[in-house]
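Undergrad: Before I ask anything, let me first share the structure, which is written out below as structure tokens.
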Amino acid sequence: MEAGPLAVSSINTGVPHVVRFVDDLVGCDVFGTGRLIRYHAHFQPAGTNANFVRVLDGHTIAVRTYERGVEDETLACGTGSVAAALIAARRGLVASPVEVLVKSGERLKIFFKETDAGFENVYLEGGAKVVYQGLLWGEAYKNKNSKGEDICRQLNV
């Protein structure tokens, strides 16, 4: 765990994220330092996710994320990858598109247009996998509209 003041940036990409640039991403204490950032008084009451980022070149970064709710490091975080890419771009370290290497080994790609006021047309590209299938009982999805009509007739999972 790092001691003393930490230089960080923060951004909300749908959920709050802190980004900390590090030289040693492998040796970084994502759990310990991430937990301190997540629960820091500045980010209360909701807390924040903490992303540790190493810039590899002008279009590539590597990211490790401590995610609130999970309360540990995750294999990947889409909103965290976007946060890391945007903050790195704002600092002049990378330009769109930015390839993001995450803990799982996957590679994500973040596209955006930077403007004086912020960012536009931000989107994320990456693989998708089915990791779970389940059954949903009819009582869970049957809803009526204001006219009393069934608005969910069939659900295929």
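Undergrad: Give the residue that is farthest from SER9 (Cα to Cα), with candidates limited to residues of region 89-141 that are assigned to a strand (DSSP E or B), in contact with a helix residue (DSSP H, G or I) (Cβ under 8 Å, 6 or more places away or on another chain) and open to solvent by less than 50 Å² (accessible area, probe 1.4 Å). Walk me through how you get there before you give the answer.
TA: Step one: filter region 89-141 for residues assigned to a strand (DSSP E or B), giving 98-102, 107-115, 118-125.
Keeping just the survivors that are in contact with a helix residue (DSSP H, G or I) (Cβ under 8 Å, 6 or more places away or on another chain) gives 98, 100, 102, 108, 110, 112, 114, 119, 122, 124.
Still in the list and also open to solvent by less than 50 Å² (accessible area, probe 1.4 Å): 98, 100, 102, 108, 110, 112.
Numbers: VAL98: 18, VAL100: 18, VAL102: 19, LEU108: 21, ILE110: 18, PHE112: 19 Å.
It comes out as LEU108.
Undergrad: For region 83-134, which residues satisfy the criterion of being polar (S, T, N, Q) and more than 19 Å from LEU56 (Cα to Cα)?
TA: Residues satisfying the conditions are THR115, ASN121, GLN133.
Undergrad: Same structure, new question: Looking at ARG91, ARG68, ARG38, ARG54, which is the one that is in contact with a Leu (Cβ under 6 Å, 6 or more places away or on another chain) and of a type in the set (D, E, K, R)?
TA: ARG54
Undergrad: Where in region 1-80 are the strands (runs of 3 or more DSSP E), entirely inside, with at least 2 residues that are touching a residue at least 40 places away in the same chain (Cβ under 8 Å) and open to solvent by less than 60 Å² (accessible area, probe 1.4 Å)?
TA: Numbers: elements: 9-12, 16-21, 49-57, 60-67, 72-74.
It comes to 9-12, 16-21, 60-67.
Undergrad: Whether any residue in region 16-36 is among the hydrophobic types (A, V, I, L, M, F, W, C), within 23 Å of ARG90 (Cβ to Cβ) and touching a helix residue (DSSP H, G or I) at 6+ places or on another chain (Cβ under 7 Å) is what I want to check.
TA: Looking through region 16-36, at least one residue is among the hydrophobic types (A, V, I, L, M, F, W, C), within 23 Å of ARG90 (Cβ to Cβ) and touching a helix residue (DSSP H, G or I) at 6+ places or on another chain (Cβ under 7 Å).
Table: residues versus (1) of a type outside the set (S, T, N, Q); (2) out of contact with any strand residue (DSSP E or B) (no Cβ under 7 Å at 6 or more places or on another chain).
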{"residue": "GLU67", "(1), (2)": "yes, no"}
{"residue": "VAL70", "(1), (2)": "yes, yes"}
{"residue": "LEU75", "(1), (2)": "yes, no"}
{"residue": "PRO97", "(1), (2)": "yes, no"}
{"residue": "SER104", "(1), (2)": "no, yes"}
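Undergrad: Let me ask you something else. Restricting the search to region 83-132, which residues are under 15 Å from the mean Cα position of the chain (by Cα) and basic (Lys, Arg)?
TA: The answer is LYS103, ARG107, LYS109.
The values are calculated or read from the model by the stated rules, or taken from the named source; none is laboratory data. These numbers come from a predicted model, not from an experiment. Note that we place each Cβ from the backbone using ideal geometry, even for glycine, and neighbour counts take in every protein chain shown. Please note that ligands, DNA and RNA were not included when accessible areas were found on the heavy atoms of the full protein model with its side chains. Shrake-Rupley method; radii C 1.70, N 1.55, O 1.52, S 1.80 Å.
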